[in-house]
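**Q** Would you mind keeping the following structure in view while I ask a few things?
The values are calculated or read from the model by the stated rules, or taken from the named source; none is laboratory data. The shown structure was predicted, so the numbers you read here are calculated from the model rather than taken from an experiment. Ideal geometry is used to build each Cβ from the backbone, glycine not excepted, and the neighbour counts take in all protein chains shown.
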Amino acid sequence: MLHVIRGIFIALSALIGGFIGLQYEHPWRGVCAGVALSAGVLFLEHAFSRRFVGMISVLMLGIVAGFVLSHFVISALYLIPALREVIITEEDPSLRLYVEFSVTFFFTFLCVIAIVHTKDEFRFVIPYVDLKRQGATGKPMILDTSVIIDGRIADIVETRVVDGPLIVPRFVLQELQQVADSADKLKRNRGRRGLDILHRMQRTKHVRLEIQEVVLPGVEGVDAKLLKMAAGMNARVVTTDFNLGKVARVEGVEVINLNDLANAMRPQVLQGEKLTIRVTKPGESPGQGVGYLEDGTMVVAEECAGRIGQEVDLVVTNVLQTAAGRLIFGRPAADGPPRR
């Protein structure tokens, strides 16, 4: 449907350009100018997507408001006899045109500027969210089902490091409700946990959590709708789904994976440093024992297969970064006996 409308727009622009060019005996130049102008408008529409629609909405509303306001101002000026005699004069009939044009231009410009500075009070792009609010310096962040159920997002926003609005689309809330109503006990508990997390964030005063009703005809699947919505709003998607993050990067959508954030926040461990772990189980290779740091990082301890259940002082020999997280290798420190 959009392609048909764009085609009609180009055809009408070419036709109007041809009629204008015909007045100057150059119809083909007018046609080319009309096609070029319409192509430029369509390029802007494609480049800025929904932001282009929002910008046009601001201009159109400002122009309409400016014309209406200037009409009443001009009518009020004509009610003053002295001004009316000066403005409407047969000696200089163009004076009336200049005055009316100046008043209309001034109030139209004033209305556009006023709407731009108060745009957070309007919803120009339906069904998308409000244009960026005054005082919000960060991009909107759209939460998917996995990150809501995960629950760590509530702890993060309570630290006040998130300065943008958090958006939960209605279709994500519906999916969360379906999980909470599942016959499977584990899924039901996960869904109810997600609803509790949302309620917790709503009660946090400094958190701006918005439930948005979004209609995306022709787009199937929650993940596809999330990416389409984020692209149209120039927003970030917050998730713990590794595959969704990959698809988002391919489509040019910014994504925040909480697992990557958690890995980045873990303390750095360098070769030669000492650390203490409790060996909990044997490793895959002979002689290896496995333990964990407080943040859950796995530590492979060489020559510790016989020390299961003991606390061992290790010297870090290697640190590997894998897709699942960090993996630390170490050997028993030379000084000090193992502790029970």
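Matching residues to (1) more than 19 Å from residue 241 (Cβ to Cβ); (2) of a type in the set (D, E, K, R):
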| residue | (1), (2) |
| --- | --- |
| 146 | no, no |
| 149 | no, no |
| 154 | no, no |
| 164 | yes, no |
| 175 | no, yes |
| 182 | no, no |
| 189 | yes, no |
| 205 | yes, yes |
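**Q** Take the range 131-179 and flag every residue that is under 12 Å from the mean Cα position of the chain (by Cα) and modelled with pLDDT under 50.
**A** 131, 132
**Q** So which strands (runs of 3 or more DSSP E) stay within the range 217-296 end to end and still have 1 or more residues that are in contact with a Lys or Arg (Cβ under 7 Å, 6 or more places away or on another chain)?
**A** 236-239, 255-257, 289-292
**Q** Scan 290, 253 and give me the residue that is touching a Leu at 6+ places or on another chain (Cβ under 7 Å), surrounded by 18 or more Cβ atoms within 10 Å (Cβ to Cβ) and of a type outside the set (Asp, Glu).
**A** 253
**Q** In the range 217-230, what residues are over 16 Å from the mean Cα position of the chain (by Cα) and over 16 Å from residue 243 (Cβ atoms)?
**A** 217, 218, 219, 220
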